[in-house]
């Protein structure tokens, strides 16, 4: 009997040793392979060059967190309290992308900001979504220039079970107008080793569009700020965004920053979408901190984001008193830009856990 117990103990110890060695090997690999972008990296636009931006002409811009093509109304997600890790088949990814492309084609924006755009990820079945949008979209800006900036690059994400696997994800910007200089600017990262080896390295993607007849530029900033940190990352990233915007505005440029802020703004009424107990809670941005040169716009006719704690298509109730919704997407706009119209496209979160927001604007003559 003692021999049997001894063999069992030896087997258990050997298994534990192998698990420790495996974890150590994986940790070492992820540390060596960790994505460490430069503070500022130059980006080169692809596609056909358009015309310069024109003062006084109305333009349309759209922003959409596309949920890497795999967070449609059929999905929940473990980070939000759901159960799923693999949230879509390859066929469902294409279904989601095709639905988003159809909506964007109908909106026909001049500029498009996309967030959570996968290019070579296990979770999206390795579909190059930037290329898919570019190849299949018919709206005007799809025939113009596009830019991509990575903010999540991990060779193998080992958690949870089953593991997420490989991730290559980032921001995509499309423009029907001429893009001059463009760059990726790293945002402060709130995570330290070893969590940093497997987490996002968020950034601002900046595209500068020259304005006809002037030396000024329309500065477009695509963003996706921190989500699951303790709050310090959101604060630091928002502060950096504000400072960058004010620096550009003070030179006489026109600035639009848009995307997924993962925060609400204190001057809006959120009573229609109350914060439910136990649900993920966004941070709060005090718009007064941005001064009188920057205004915030979002489409409050519908929520811009929904919780992923439950599958939406089978939810017993979609009432905001029972299901969590958010207004966390939108635009920060310099005061030398007139916003003529803004609305959230309420498409029921069929293709993504976010709805798109469309804004019409005009660049006014003169400085702030």
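Among the residues of the stretch 287-303, those identified as touching a residue at least 40 places away in the same chain (Cβ under 8 Å) and under 22 Å from the mean Cα position of the chain (by Cα) are 290, 294, 295, 297, 298, 299, 300, 301, 302, 303.
Quick grid of which residues meet (1) within 12 Å of residue 69 (Cβ to Cβ); (2) out of contact with any helix residue (DSSP H, G or I) (no Cβ under 8 Å at 6 or more places or on another chain); (3) surrounded by 24 or more Cβ atoms within 10 Å (Cβ to Cβ):
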position: 99; (1), (2), (3): yes, yes, no
position: 112; (1), (2), (3): no, no, yes
position: 121; (1), (2), (3): yes, no, yes
position: 124; (1), (2), (3): yes, no, yes
position: 127; (1), (2), (3): yes, no, no
position: 134; (1), (2), (3): no, no, no
position: 137; (1), (2), (3): no, no, no
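Scanning the stretch 114-153 for residues that are assigned to a helix (DSSP H, G or I) and either free of Cβ contacts under 8 Å to residues at least 24 places away in the same chain or under 10 Å from residue 174 (Cβ atoms) (or both) gives 130, 131, 133, 134, 135, 140, 141, 142, 143. What are the residues in the stretch 346-365 that are touching a strand residue (DSSP E or B) at 6+ places or on another chain (Cβ under 7 Å) and surrounded by fewer than 19 Cβ atoms within 10 Å (Cβ to Cβ), if any? Result: 360, 362, 364. Given the condition in a strand (DSSP E or B) and buried (at least 22 other Cβ atoms within 10 Å of the Cβ), answer yes or no: does some residue in the stretch 273-285 qualify? Checked the stretch 273-285: at least one residue is in a strand (DSSP E or B) and buried (at least 22 other Cβ atoms within 10 Å of the Cβ). Exactly one residue out of 320, 303 is farther than 25 Å from residue 53 by Cβ and crowded, with 20+ Cβ neighbours inside 10 Å, and it is 303. If we scan the stretch 62-79, do we find a residue that is surrounded by fewer than 18 Cβ atoms within 10 Å (Cβ to Cβ) and over 30 Å from residue 212 (Cβ atoms)? For the stretch 62-79, residues surrounded by fewer than 18 Cβ atoms within 10 Å (Cβ to Cβ) and over 30 Å from residue 212 (Cβ atoms): present.
Only the coordinates and a few stated rules stand behind these numbers; no lab work does. Since the structure is predicted, the reported quantities are computational estimates derived from the model, not experimental observations. Don't worry about glycine lacking a Cβ; one is built from the backbone with ideal geometry, like all the others, and counts go over all protein chains shown.
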